[in-house]
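The values are calculated or read from the model by the stated rules, or taken from the named source; none is laboratory data. Given the structure is predicted, the values throughout are model-derived calculations rather than measurements. Glycine gets a Cβ as well: all are built from the backbone with ideal geometry, and neighbour counts include every protein chain shown. Note: areas computed on protein heavy atoms with side chains; ligands, DNA, RNA excluded. Shrake-Rupley method; radii C 1.70, N 1.55, O 1.52, S 1.80 Å.
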Amino acid sequence: MFKSLTAILLLAVTVSAQAPEWGQCGGIGWSGATTCASGSVCTYSNPYYSQCLPGTASSTSTTTTTTSKSTTTSSTSKTTTSTSTTTSSTPTSSGYSGAFLQGVNLSGFDFGANTDGSYTVPKGLSPPPTSQIGHFSGEGVNIYRVPFPWALAQSSLGATISSQFFSEYDAVVNVALQAGAYVIVDVHNYARWNGAIIGESGGPTNAQFANLWSQLAAHYASQPKIIFGVMNEPHDLTSVTDWATSVQAAVTAIRAAGATSQLILIPGSSWASAQALPTEAGPALLNVKDHDGTVSKLIFDVHKYLDSDNSGTHADCVTDNVPVFQTLVSWLQENGNRQALLSETGGGNTASCETDLLSQLTYVKSAYPTMIGYSIWAAGSFATSYVLSVTPNADGSDQPLWVDAVKPLLA
């Protein structure tokens, strides 16, 4: 998801033009039309995105509220751009050793997931179009991250996951698996449920968190290319040690449910910051163990954006983050040759981001097997006008960022 360092503020944008059906009509940083063409309604999806969906109203305006997010300080000075930066990665003796993973987030199910762990139910579900899987797979993509809010799967803590959820979600997941790709099952809840942190007073218990993962793991236990993404972007945690205990509960539940072969992504703090991991939650997460006492299938889940405040809300980029990933790679190698996956990164369709993202991804790819892959934010149900969109155009062509920063690295 997006990151933002701004304080909570209210933006009301009024423009004369109307957005077309299926176009964007609101969201954090949105400066375009906030009313929809006749026959469609501006429908709230999440704090960052509202979209004109078919409806009965002639036009609807939207008011966008930004939510405050904190993260570690990111570099605001532009680093030297280079697509030939390399590192000497010490091979891992175990863990993931397949093809380097290069892919994209297919957003849509997560529309309505808020950064406080609440879920604003959209007027209609917006599953990502499965046609995009054929498009991206044809270009060499081999991993998809498919985010969804916890409350979409469980209407209440401990509830049985509905067959309807699995039917709708699997309609996307299975197409990706049939294409031969890996799929990250991503619970997009920021280590929270309705504002309360997992494992803390008033929040979901570790047992309730484990219950969610026990059901998900049992459902996908026979699928070797499913990757379990324990939680999207934990932030403002009271205790990283307590968070490690919650992560351990999820890992234990996944394995106890019979899913013993798949990779599990374990995130740190500060919005899963790649920069913060070595000094914040990383040391505590090193103590999380798999069912057999090993750690080789437990992969660190990291995020990093390239704009001026590391928020992923600006069209321009100011850094290629190579020093950040060099530090991360060194830390991983020094702590048992652990591995990480960059499951969210991206930028605007601008010259600065095309250059900087290519440089970042080139370094990340050169750091294999310590870094096992990346996934770009985002395609799926996002309109092509969204600031970080890599959604293909209606004519099948790709966004400039994808063409210039991603496609050159695809196998």
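Take 380-389, 285-294 and order them by the average number of nearby Cβ atoms within 10 Å per residue, most first; the result is 380-389, 285-294. Evaluating 6.51 cos²θ - 1.76 cosθ + 1.60 at θ = phi - 60° for every residue in segment 312-321, the Karplus couplings come out as x, 10, 10, 6, 9, 10, 10, 7, 9, 6 Hz, glycine and proline recorded as x. Estimated at the nearest 10 Å², the accessible area of Glu354 is 30 Å² with a 1.4 Å probe. Stretching Thr327 away from Ala99 to a fully extended chain increases their span by 79.7 nm, per 0.36 nm per residue minus the current alpha-carbon distance.
Modelled spin-label separation between Ala207 and Leu286, with each label point placed 7 Å from Cα along the Cα-to-Cβ direction: 3.3 nm.
Within the accessible area of segment 101-409, the carbon and sulfur atoms contribute 51%, probe 1.4 Å, all protein chains present. The string of couplings for segment 180-186 from the Karplus curve (6.51, -1.76, 1.60, θ = phi - 60°) is x, 8, 7, 10, 8, 7, 10 Hz, one whole number per residue in order, with x for Gly and Pro. Within the straight-line cut-off of under 18 Å between alpha carbons, the aspartates and glutamates reachable from Lys304 are Asp186, Glu233, Asp236, Glu280, Asp316, Asp320, Glu344, Glu354, Asp356, sequence neighbours fewer than 8 places apart in one chain being disregarded. Summarising the label geometry, the points placed 7 Å from Cα in the beta-carbon direction at Ser155 and Thr294 lie 4.1 nm from one another. Here the spin labels are modelled as points 7 Å beyond Cα on the Cα-Cβ line, and at His135 and Ser385 they lie 1.7 nm apart.
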